[in-house]
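Inspection log for the structure reproduced underneath, given as structure tokens.
Please treat every number below as a calculation from the coordinates, not as lab data. Predicted, not measured: the structure shown is a model, and the values here were computed from it. We place every Cβ from the backbone using ideal geometry, glycine too, and count neighbours over all the protein chains shown.
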Amino acid sequence: MSQHHSVTVDDVKAAQARLAGVVHQTPVLTSRMVNDRTQNEVFFKCENFQRTGAFKFRGAYNALVQLSEIQKQQGVITFSSGNHAQAIALAGKLLQIPTTIVMPDDAPEVKQQATRSYGAEVILYNRHETDREELAKTLASDRHLTLIPPYDHPHVIAGQGTTALELIQEVGQLDYLLVCCGGGGLISGCAIATKALLPTCKVIGVEPELADDATRSFHSKTLQTVTNPPTIADGVRTPSLGKLTFPLVLNYVDDMVTVSETAIINSMFFLWERLKIVVEPTGALAAAALLSNVLSVKNAKIGVIISGGNVDLAKVAKFIQ
Ligand SMILES: *Cc1c(COP(=O)(O)O)cnc(C)c1O
């Protein structure tokens, strides 16, 4: 079996059945103003309203619920300072699986506390001295914990794909689907579902210019990396696509584009002001490609995934000028 068949639309459909009644079916918002301005019909799939504030809960729950009884008793571990940490912590709480999260010691106190409030054990490390993946692997083997990585895992990818499945079930035909891309779990799952249900729909990945590793990987067909990119979109600061997600992106995604930091910030404020929804910078990434005309099409039906809403308002206030 070749690697790009590692996750199929049937896996995404099976994930949807497992997640029924557990995840929120998030709203799809439309705006006449956006439609007029872009001359398209645009559907925003609002995962900022998902449990824990981002789509990550879909993949986390789909992975944890499929563990064996012994794995569930022993517990899971992951490395993340952001939305995957909270998603794993909540999924573990709901399924009564002990969770351990490895986080940098400079992760915002609110994020540490949100993660602990779901009952997770948080282990802090110094990001200048310690490799988080190595630390998580060592802890996993010492403590017999199952490691659930944030994107490069078939059950995580299938879970994230339910975002697009739900959108398509609600709105039907689309000509384009815009999805932000970090490690590629979300876009892989969404592209698999979209290509199966709507073969003519073009799936476009969106990255910050400052973190364009996946775009370069897509065009060169060779895995490219980026180290600690200084983008405001902290959800996509991952160094590269993964072993599973890279071939999936090559196989199912139609194109990858990048947007400037200014376009991301403008998109975020536009969504706050016009759609009245709180979106984090990474959550505004896909919309930025449309609103800044990087994707310049007209008279099309366009799905846009708003991936999350966990924003540190004090930090973002700095960008208002
Ligand atoms: C994790 C995350 C992403 C990136 O998802 P990948 O699966 O790593 O590509 C985008 N937006 C938000 C809000 C996230 O939490």
For the range 122-205, the dipole about the Cα centre with charges only on Cβ (Lys and Arg +1, Asp and Glu -1), to the nearest 20 debye, works out at 80
Ratio for the range 84-159, C-alpha Rg to 2.2 N^0.38 Å, reads 1.08
With no solvent term and unit scatterers on the alpha-carbon positions of the range 224-321, Debye gives log₁₀ I(q)/I(0) at q = 0.11, 0.14, 0.23 Å⁻¹ of -0.37, -0.59, -1.33
The range 126-163 and the range 192-206 have their Cα centres apart by a whole-number Å value of 27
Yeah, the range 6-112 with a ≥ b ≥ c from its alpha-carbon gyration tensor (a/c under 1.5 is rounded, else prolate when a/b outruns b/c, oblate otherwise) is oblate
Among Lys298/Lys318; Lys72/Lys318; Lys137/Lys202; Lys13/Lys202; Lys111/Lys202, the pairs whose Cα-Cα distance exceeds 31 Å are Lys298/Lys318; Lys72/Lys318; Lys137/Lys202; Lys111/Lys202
Between Glu209 and Arg32, the FRET efficiency computed from the C-beta separation at R0 = 51 Å comes out, to the nearest 0.05, as 0.95
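Antiparallel versus total DSSP beta bridges in the chain: what percent is that, nearest 5?
10
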One checks the Cα atoms of the chain and finds Rg and Dmax, in Å, of 18.3, 58
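On full extension of the chain, what length is gained from His24 through Ala300, given 0.36 nm per residue of separation minus the C-alpha to C-alpha distance?
Residue separation times 0.36 nm, minus the Cα-Cα distance, leaves 96.6 nm.
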Note, the range 280-296: 3J(HN,Hα) by Karplus (6.51, -1.76, 1.60, θ = phi - 60°), whole Hz, Gly/Pro = x, goes 7, x, 5, x, 8, 5, 5, 5, 4, 5, 7, 6, 9, 6, 5, 9, 10
Magnitude of the Cβ-charge dipole (Lys and Arg +1, Asp and Glu -1) of the chain about the Cα centre, nearest 20 debye, reported as 580
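Pairs of Cα atoms under 8 Å, at least six residues apart: use those to get the relative contact order of the chain, whole percent.
The normalised contact order for the chain reaches 21 percent.
Quick one: Leu135, Leu271, Leu29, fewest Cβ neighbours within 10 Å first, how do they rank?
Leu135, Leu29, Leu271
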Taking Cα atoms only, Rg over Rh for the range 67-214 with Rh from the Kirkwood formula is 1.03
When the charge dipole of the chain is computed with +1 on Lys and Arg Cβ and -1 on Asp and Glu Cβ about the Cα centre, the Cα farthest towards its positive end, among Ser217, Ala17, Thr138, belongs to Ala17
With DSSP loop assignment and no more than 15 other C-beta atoms within 10 Å, the chymotrypsin sites (Phe, Trp or Tyr not before Pro) in the range 22-105 are none
Across 10 Å bins beginning at 0, the whole-percent shares of Cα-Cα pair distances in the range 54-120 come to 24, 56, 18, 1
